[in-house]
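The values are calculated or read from the model by the stated rules, or taken from the named source; none is laboratory data. What you see is a predicted model; the values in this text were computed from it and never measured. Ideal geometry is used to build each Cβ from the backbone, glycine not excepted, and the neighbour counts take in all protein chains shown. These accessible areas exclude ligands, DNA and RNA; they are computed on the full protein's heavy atoms, side chains included. Shrake-Rupley method; radii C 1.70, N 1.55, O 1.52, S 1.80 Å.
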Amino acid sequence: MDIIQSFPLFNIVMSLMSGVISSLLPRRKAKALSLALVGVAGIMNSIVLWHVSVHGQYTYMMGHFPAPWGNEIRVGVLEAVLAVFFCAIMFLSLLGGERYLDMDIEETKANLYFTMIDLMLTSLLALIYTNDMFTAYVFVEINTIAAGALIMIRNNGHTLVAATKYMIMSLVGSGLLLLGLSMLYGVTGHLLMVNMHEQIVKYTQTGEYAMPLTVAMALMSVGLAIKSALFPFHTWLPDAYAYATPASAAILSSLVSKGYIFLLFKIFYRVFGFGFVLDHKVTNLLFAFGIAGMIVGSVMAIYQHDVRRLIAFSSIAQIGYIYMGIGLAVSMGTVAAVFHIMSHAASKSMLFIAAKGLSDVSGDSKDFSALQGSGLRNKLSGIAFSVGALSMVGIPLFAGFTSKVYFAEAALMAEGGKLSVAMVALAISTILNAIYFIRALITIYTPKEGDDFDAASYRPPATMAVALLCFILLNLFLGTWSNSIEQAIAAGLGSFE
């Protein structure tokens, strides 16, 4: 077997072992190891992406036991694209927030932080590549633990409360997911996704186990909706994102929920089959809650006075977009949802890092009253925040605009009354996005009376500057070279079942 085919498994094992090693290292070495790990993983997954683009998807059997007893991973274009993208976002988030890790985290806890980063990368790669439902559940729990640690490691009252809320809601979601998985295993007798699907097709044809299968799908869908903060299960999200250290906020907002959503894609397509999902009207519920999240998240963002909470509430709306795309129940809707996972990640992580840069020149305050003129005092952070904000609003050339075009295109293909509802929701949400983000831009570019800050003498940290420049370029790339990415996503979904 080609050695490149073992790269995904090697990445998962390498990340897991790096977590163990990081726990034994001092701060600087643990940081260097984690950055190197994410960089190497990104390179290796890029090679995997080239391999599957040329040779097609493949299944990699782990150990000596074939299906249905053994464990395996499945690698296609879509999995490789997301793996490369997730590694890039994590690397830039760590790089952009690197300076503040030393300021926000106690010396004795620094290596623990990077252990959790390594475990987070492990779990995300495993969720992307695994073809085994029990393995997926195990790494869902690792992801949950790592995310909770990344929130609370700053160790103040806000983060402890936020981590507690996150863990309560997330464990409820995990419990529902496990109940659904246990029921599905009891009915099908399999844990590998493909084998589960074959058994479910047989039961669908004979009419057997109709109710247990329906309940299992409902439990798993609700469990992952809770964990990914779909409205109305979003209450843990604002505090978790707003009060974490900048690198953690960037990673949590851009990657954690997306790993759960991608697992839900796999359950819908590879386990149940999308026809089964359509027959049981699950997409209609996801469409309704997605629309509600788009509007409610945007309305709540308007009333925020803390820039971090504004960005956090905006994430609720953006997650609603993703679920609306799934709920449209057409292939283009899923393509738009996957593309929005990428465009949102590229924009939201940049916004959190840039917001910290703006607060640095505003007395470390995050309140809008103190941020007045901060875009003039810290020009690079101001530009990066502007790019992220305009992307979220949907201004042409930026990633968010392309996402909304794809959602509109998918809505035109939808059946029933979803076309008009989706178009109206897109319009309303875009207007609401413009209200709070344009207000923020006006604030940071309005000169502050009596401001004697010497902007010329301010130099942002080199690592933050590099990260923000890369985020800007990535956002523009997604906005202007979207056709090749859309084609890759569509090709990956075409072979997803």
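Computed with a 1.4 Å probe over protein heavy atoms only, the accessible area of Thr204 comes to about 80 Å². The long axis of helix 27-55 is offset from the longest Cα principal axis of the chain by roughly 50 degrees. Magnitude of the charge dipole for the chain, about its Cα centre and with charges confined to Cβ atoms of Lys, Arg (+1) and Asp, Glu (-1), is about 360 debye.
The relative contact order of the range 20-75 comes to 21 percent, based on Cα pairs under 8 Å that sit 6 or more residues apart.
Once Rg and the Kirkwood radius are both taken over the C-alpha atoms of the chain, their ratio Rg/Rh works out to 0.96.
When all protein chains stay in place and ligands, DNA and RNA are ignored, the 1.4 Å accessible-area order of Met133, Met62, Met413, largest first, is Met413, Met62, Met133.
Run the helix sum for the chain: -39,500 (n - 2.57) per DSSP H stretch of 4+ residues, divided by residue count, reported at 222 nm to the nearest 500 deg cm²/dmol.
That comes out to -25000 deg cm²/dmol.
Accessible-area rank, largest first, for Leu177, Leu474: Leu474, Leu177, with all protein chains present and a 1.4 angstrom probe.
Each residue of the range 266-336 gets 76 Å³ once the volume of the Cα convex hull is shared out per residue.
Chymotrypsin sites (Phe, Trp or Tyr not before Pro), restricted to the range 298-331: which are DSSP loop and have at most 13 other Cβ atoms within 10 Å?
Of the chymotrypsin sites (Phe, Trp or Tyr not before Pro), the ones in loops of the range 298-331 whose Cβ has at most 13 other Cβ atoms within 10 Å are Tyr303.
Of the whole protein surface, Glu198 contributes about 100 Å² of accessible area at a 1.4 Å probe radius. Loop-located trypsin sites (Lys or Arg not before Pro) across the range 233-324 with a Cβ neighbour count of 13 or fewer within 10 Å are Lys281, with loop assigned by DSSP. Roughly what angle does helix 193-206 make with the longest principal axis of the chain, taking Cα atoms, 0 to 90 degrees, to the nearest 10? The helix 193-206 is inclined about 50 degrees to the chain. The rule of thumb for compact globular proteins, 2.2 N^0.38 Å, goes into the C-alpha radius of gyration of the range 389-490 1.44 times.
Any of Lys109/Lys266; Lys227/Lys448; Lys356/Lys448; Lys356/Lys418; Lys109/Lys448 with alpha carbons more than 30 Å apart? Name them for me. Pairs exceeding the cut-off: Lys109/Lys266; Lys227/Lys448; Lys356/Lys418; Lys109/Lys448. Largest to smallest in accessible area, the residues Val81, Val54 fall in the order Val54, Val81 (1.4 Å probe, all protein chains included).
Given +1 at the Cβ of Lys and Arg, -1 at the Cβ of Asp and Glu and no other charges, the dipole of the range 361-429 around its Cα centre is 180 debye to the nearest 20.
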